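> Pasting a structure here, questions to come.
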Amino acid sequence: MDINVRKRSQVQLIQLRGQLRLGAAVDELRQTIAESLGNGDARIVINLSEVPMIDSSGIGLLVGFLASTKQRGGSLKLTQPSKFAVQTLRMVGVLNLFEVFDDDDAAVQSFA
Amino acid sequence: MESGAGSRQHDHELAELLNLRMPAESASIAAISDAISGCLVRLDIPQEKQLEIGLAVQEALSNAVVHGCKKDASKEIHCRLQRDPQGRIAIIVTDPGPGFSPELLSDPRHGENVYADHGRGVYLIRQLMDEVHFENGGNEIRMWKY
């Protein structure tokens, strides 16, 4: 999985490319978000437009860090999830835990 | 859907399309999962079904690695892809672990389970596939997509 991190207006914008599944992909994203939290950055936006599939370990990671960011006064928001990713998140009852946006700008501005 | 009874009703005239083995480590899951996805593409399975089967396979292999084998790479997981004359797809994943009781799993959508960082794999498989059977005490899963 490719992970690209940028900072915009005090928000960590994480662009993912590839399947978010058990193994290197989940491990690398966990490390990336943990580093952000370690640096005091608890405002996180994850762009899922190039993530065709999220497995249960990926869902668990997103849910876990949603709680972690909120505990630190921030949040973890999602942008442009694929149809199948939305279907999967809804299937297990977690879609409505997240704020989901159509584009990164709207997600970043929502933290203002 | 989880009982073994009736789970072999499709077994006659099954064509075996893939028969793969992998060490019980998470790094090996992608290769098996991708091999199955490639086979589904060659069979001209509709893309939506490919995604659903692909995620179910991912979850079944993950369960075998993490729960069945406790990530012990010296253990081996067996994965087969079969098709019956009606074009229905069967995936069988077997691990050497002690098995489990799927009826004891709680609904991940209920109560505090929603906020848990685990416990969604088998539920997803049941939602994504048309038939799911656990056999041999739970260390073999047979799942069908029509």
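> Restrict the check to segment B:117-139 and report whether at least one residue is more than 19 Å from A:Gly58 (Cβ to Cβ), away from chain A (no Cβ under 14 Å), in a helix (DSSP H, G or I) and in contact with a Ser or Thr (Cβ under 7 Å, 6 or more places away or on another chain).
So far as segment B:117-139 goes, yes, one or more of its residues are more than 19 Å from A:Gly58 (Cβ to Cβ), away from chain A (no Cβ under 14 Å), in a helix (DSSP H, G or I) and in contact with a Ser or Thr (Cβ under 7 Å, 6 or more places away or on another chain).
> Among the residues of segment A:1-25, how many are within 14 Å of chain B (Cβ to nearest Cβ) and in contact (Cβ under 8 Å) with a residue 12 or more places away in the chain?
So the count comes out to 8.
> Looking only at segment B:24-38, decide whether some residue is of a type outside the set (S, T, N, Q), at pLDDT 95 or above and not in a helix (DSSP H, G or I).
yes
> Name every residue in segment B:71-83 that is part of a loop (DSSP other than H, G, I, E, B) and within 14 Å of chain A (Cβ to nearest Cβ), in order of residue number.
Those that are part of a loop (DSSP other than H, G, I, E, B) and within 14 Å of chain A (Cβ to nearest Cβ): B:Lys71, B:Ala73.
> Within the set of pairs 6 or more residues apart or between chains, which connect a residue that is among the hydroxyl-bearing types (Ser, Thr, Tyr) inside segment B:57-74 to a residue that is crowded, with 22+ Cβ neighbours inside 10 Å with Cβ atoms less than 9 Å apart?
B:Ser62/A:Arg21; B:Ser62/A:Leu22; B:Ser62/A:Asp55; B:Ser62/A:Ser56; B:Ser62/A:Ser57; B:Ser62/B:Ile29; B:Ser62/B:Gly121; B:Ser74/B:Ala24
Yes or no, residue by residue, for (1) among the basic types (Lys, Arg); (2) within 14 Å of another protein chain (Cβ to nearest Cβ); (3) not in a loop (DSSP other than H, G, I, E, B):
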residue	(1), (2), (3)
A:Asp27	no, yes, yes
A:Thr32	no, no, yes
A:Ser36	no, no, yes
A:Ser49	no, no, yes
A:Thr69	no, yes, yes
A:Gly73	no, no, no
A:Leu89	no, yes, yes
A:Gly93	no, yes, no
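> Looking at A:Lys70, A:Lys7, A:Lys77, which one is among the basic types (Lys, Arg) and under 10 Å from the mean Cα position of the chain (by Cα)?
The conditions single out A:Lys77.
> Shifting gears a bit: Within segment B:46-78, how many residues turn out to be out of contact with any Ser or Thr (no Cβ under 8 Å at 6 or more places or on another chain) and closer than 15 Å to B:Leu20 by Cα?
Residues in segment B:46-78 being out of contact with any Ser or Thr (no Cβ under 8 Å at 6 or more places or on another chain) and closer than 15 Å to B:Leu20 by Cα: 3 in total.
> Further question on the same structure: Looking at (1) out of contact with any helix residue (DSSP H, G or I) (no Cβ under 7 Å at 6 or more places or on another chain); (2) assigned to a helix (DSSP H, G or I), find the lone condition where B:Gln86 falls short.
With (1) out of contact with any helix residue (DSSP H, G or I) (no Cβ under 7 Å at 6 or more places or on another chain); (2) assigned to a helix (DSSP H, G or I) applied to B:Gln86, the lone miss is (2).
> Scan segment B:106-115 for residues that are surrounded by 16 or more Cβ atoms within 10 Å (Cβ to Cβ) and part of a loop (DSSP other than H, G, I, E, B) and jot them down.
B:Pro108 - this is the single residue of segment B:106-115 that is surrounded by 16 or more Cβ atoms within 10 Å (Cβ to Cβ) and part of a loop (DSSP other than H, G, I, E, B).
> Identify all residues within segment A:1-24 that are in a strand (DSSP E or B), basic (Lys, Arg) and touching a helix residue (DSSP H, G or I) at 6+ places or on another chain (Cβ under 8 Å); write none if there are none.
A:Arg8
> Look through segment A:81-105, keep the residues that are out of contact with any helix residue (DSSP H, G or I) (no Cβ under 8 Å at 6 or more places or on another chain) and touching a residue at least 24 places away in the same chain (Cβ under 8 Å), and return whichever of them is farthest from A:Gln15 (Cα to Cα).
Among them, the one singled out is A:Ala85.
> Also: For B:Glu52, indicate whether it is away from chain A (no Cβ under 13 Å), of a type in the set (D, E, K, R) and in contact with a strand residue (DSSP E or B) (Cβ under 8 Å, 6 or more places away or on another chain).
Considered against the rule, which asks whether it is away from chain A (no Cβ under 13 Å), of a type in the set (D, E, K, R) and in contact with a strand residue (DSSP E or B) (Cβ under 8 Å, 6 or more places away or on another chain), B:Glu52 comes out as no.
The values are calculated or read from the model by the stated rules, or taken from the named source; none is laboratory data. Model, not experiment: these values are computed from the prediction. Cβ sites come from the backbone with ideal geometry, for glycine too, and all protein chains shown count toward neighbours.
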